[in-house]
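Participant: Below are the structure tokens for one structure; questions will follow.
The values are calculated or read from the model by the stated rules, or taken from the named source; none is laboratory data. Keep in mind the model is a prediction, meaning the values are calculated, not measured. Positions of Cβ are backbone-derived with ideal geometry, glycine not excepted, and every protein chain shown enters the neighbour counts.
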Amino acid sequence: MSVAVRFDDIRKDFGPVRVLHGVSFELAPGRIYGLLGENGAGKSTLMKILAGYETASAGTLLIDGEPQRFDGSRAAEAAGIVLIHQEFNLAEHLTIAQNIYLGHEKRRGWLLDDTTMRAQAAQYLAQVGLAKHPDTKVRELIVAEKQMVEIAKALSRRARLLVMDEPTATLTPAETERLFALMAKLKADGVTIVYISHKLDEVQRITDEVIVMRDGRFVARGETAGLARQQMANLMVGRDVSDMFPAKPALPKDAPVALRVDGLSVPGWVENLSFEVRAGEVLGFAGLVGAGRTEAFEALIGLRRRSAGRVEIEGRTVDLKSPRDAMRHGLTYLSEDRKGKGLHVNLNLQDNLTLMTLERYAHPLLDLKAARAALDDAVATYGIRTGDTNSRARMLSGGNQQKLALAKFLQPDPRVIVLDEPTRGVDVGAKRDIYFLIHRLAAEGRAVIVISSELIELIGLCHRVAVMRAGTLQATLGLDHLTEEELIAHATGTH
């Protein structure tokens, strides 16, 4: 059942750019490894080589002591190696059962054996704790449920080595606990697990050993029990990052209200939500998955239908029917789905940056020089690391994609900024950059709203945190009450 892996001097080039520089280390069977590194460190590229999605430019991959060169993911899966991508690889219009067996369908003669696939899919769903019928269409699932389908699909492949890339990014604490229990069972069965995550508390809790990469190179490994989280973070970035959060600027008592929302209701999601945020304030929104936070702000800017609600921006009542309406009134919203709703990943960096403010650069012809100057300024201001500013957005690491998305949504010079999960899937170095940017925006007199599932992030960043549960506002906590215990108690209804 178990599998041993060795990377021997693995190198990978994308054109003239080398992203892996002679990486060598091994994975022993039946252990859980935390693979750490900043975005762009080469973790995902190395795992894609292991799982057959990429081929190494040089070096040798050994499986159970034998050199292997997989010609695709199906060949790797046949060897028991399965990668669960951070970005879901699901067909939205198909059922859960059809997704689990897509490309691996069971047949009875010439016909598909739907009965067997449905029954076995139900067993895998039970293993991961997802209470959904196998005939449910994937498009009807929330993000956290899609994650569990991905894991169920991996189980169906009889994995001997399982790579999980940010698996808990969209899971509730209860779902995360179920995942950890499942990982422990798989480990007991001899499965090797590579766990890629920027949540160092989870890495510390669930893994046996930590392997650290930086700038396409292997830099360190060690038993998890002997490493503090701070040591892990420092190894990842190559410097001390103990000052993750900037000091919170004092909020003037006479700071004007930048955004006031009264009685916002979104059918099926939110009931009678009222709050306000002041200029220079960072206001957090906490809550479990499904609490209605994202849906409330999508309705606020016209992406969803709202049945009630009054909105004021800087003292003026506004009727926002679309994101462009909101932008014209000084409000922008950066979605948690940066690849689906934040960026056009197949466009280049310049086109992405200027898309919301094209009229600024068209007179009527596009002023390419001005647009280029805007990109150069954004790269410098937001610390976007890119080897080629003419490349497509999809070539950037996750952290740099998020910085580009932030730069894009700040192009209209908004007075109120809503950031939904601004550091999801972002490494510790990029997180720190984004935290300091948020406080810089607040110091400029803008109002910033941060929706986050990371309680430490909300506590470190915000002046106040509003907690939602089941579509209603439970409490708004000031600085004196910002503790994990209080936030969890309100979010779960146990306060």
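Participant: Can you tell me which residue within region 71-98, out of those that are of a type outside the set (A, V, I, L, M, F, W, C) and within 23 Å of Ser397 (Cβ to Cβ), is modelled with the highest pLDDT? First the steps, then the outcome.
Facilitator: In the first step, residues of region 71-98 are kept if they are of a type outside the set (A, V, I, L, M, F, W, C); the result is 71-74, 77, 80, 85-87, 89, 92-93, 95, 98.
Now drop any that are not within 23 Å of Ser397 (Cβ to Cβ), which leaves 73, 85-87, 89.
Values: Ser73: 88, His85: 80, Gln86: 72, Glu87: 70, Asn89: 79.
Restricting to residues being of a type outside the set (A, V, I, L, M, F, W, C) and within 23 Å of Ser397 (Cβ to Cβ), the top hit is Ser73.
Participant: I would also like to ask the following. When the residues of region 194-242 are filtered to those that are in a loop (DSSP other than H, G, I, E, B), among the charged types (D, E, K, R) and in contact with a helix residue (DSSP H, G or I) (Cβ under 8 Å, 6 or more places away or on another chain), which remaining residue is modelled with the lowest pLDDT?
Facilitator: Ranking the candidates gives Asp240 first.
Participant: Please verify whether region 444-459 includes one or more residues that are more than 19 Å from Lys199 (Cβ to Cβ), assigned to a loop (DSSP other than H, G, I, E, B) and polar (S, T, N, Q).
Facilitator: For region 444-459, residues more than 19 Å from Lys199 (Cβ to Cβ), assigned to a loop (DSSP other than H, G, I, E, B) and polar (S, T, N, Q): absent.
Participant: Return the residues of region 352-382 that are within 23 Å of Arg328 (Cα to Cα), buried (at least 18 other Cβ atoms within 10 Å of the Cβ) and not aliphatic (A, V, I, L, M); say none if nothing qualifies.
Facilitator: Answer for region 352-382, where residues must be within 23 Å of Arg328 (Cα to Cα), buried (at least 18 other Cβ atoms within 10 Å of the Cβ) and not aliphatic (A, V, I, L, M): Asn352, Thr354, Tyr361.
Participant: So how many residues does region 381-397 have that are in a helix (DSSP H, G or I) and either modelled with pLDDT of 85 or more or farther than 30 Å from Leu259 by Cα (or both)?
Facilitator: Looking only at that region, the number is 3.
Participant: Check region 350-369 and report whether any residue there is in contact with a Ser or Thr (Cβ under 6 Å, 6 or more places away or on another chain) and modelled with pLDDT of 80 or more.
Facilitator: Looking through region 350-369, none of the residues is in contact with a Ser or Thr (Cβ under 6 Å, 6 or more places away or on another chain) and modelled with pLDDT of 80 or more.
Participant: Residue check, Arg440 against (1) without any contact (Cβ under 8 Å) to a residue 24 or more places away in the chain; (2) assigned to a strand (DSSP E or B); (3) closer than 18 Å to Leu410 by Cβ, all met but one. Which one?
Facilitator: If we test Arg440 against (1) without any contact (Cβ under 8 Å) to a residue 24 or more places away in the chain; (2) assigned to a strand (DSSP E or B); (3) closer than 18 Å to Leu410 by Cβ, just (2) comes out false.
Participant: Filter region 315-333 down to the residues that are over 27 Å from Thr492 (Cβ atoms) and surrounded by 17 or more Cβ atoms within 10 Å (Cβ to Cβ) and list them by number.
Facilitator: Those that are over 27 Å from Thr492 (Cβ atoms) and surrounded by 17 or more Cβ atoms within 10 Å (Cβ to Cβ): Val318, Leu320, Pro323, Ala326, Met327, His329, Gly330, Leu331, Thr332.
Participant: May I ask you to list the residues in region 304-363 that are within 23 Å of the chain's Cα centre (by Cα), under 20 Å from Leu259 (Cβ atoms) and among the β-branched types (Val, Ile, Thr)?
Facilitator: Result: Thr332, single match.
Participant: Only one residue in Leu406, Leu347 is buried (at least 16 other Cβ atoms within 10 Å of the Cβ), assigned by TED's automatic domain parsing to the domain that holds Val448 and at pLDDT 80 or above. Which one?
Facilitator: Leu406
Participant: Which of (1) exposed (fewer than 15 other Cβ atoms within 10 Å of the Cβ); (2) within 20 Å of Thr192 (Cα to Cα); (3) without any contact (Cβ under 8 Å) to a residue 40 or more places away in the chain; (4) of a type in the set (Ser, Thr, Tyr) does Ser24 not meet, given it meets every other one?
Facilitator: Here Ser24 meets the rest and fails (3).
Participant: Give the residues of region 125-147 that are assigned to a loop (DSSP other than H, G, I, E, B) and at pLDDT below 90, sorted by residue number.
Facilitator: Gly129, Leu130, Ala131, Leu141, Ile142
Participant: Also: Find all pairs meeting these conditions: Cβ atoms under 7 angstrom apart; at least six residues apart or on different chains; first residue within region 252-270 and assigned to a loop (DSSP other than H, G, I, E, B); second residue of a type in the set (Gly, Ala, Ser).
Facilitator: Partner pairs satisfying both residue conditions: Pro252/Gly280; Ala255/Ala279; Ala255/Gly280; Pro256/Ala279; Pro267/Ser307; Trp269/Gly292; Trp269/Gly471.
Participant: Working only within region 148-180, note down all residues that are of a type in the set (Asp, Glu), within 15 Å of the chain's Cα centre (by Cα) and at pLDDT 85 or above.
Facilitator: Asp165
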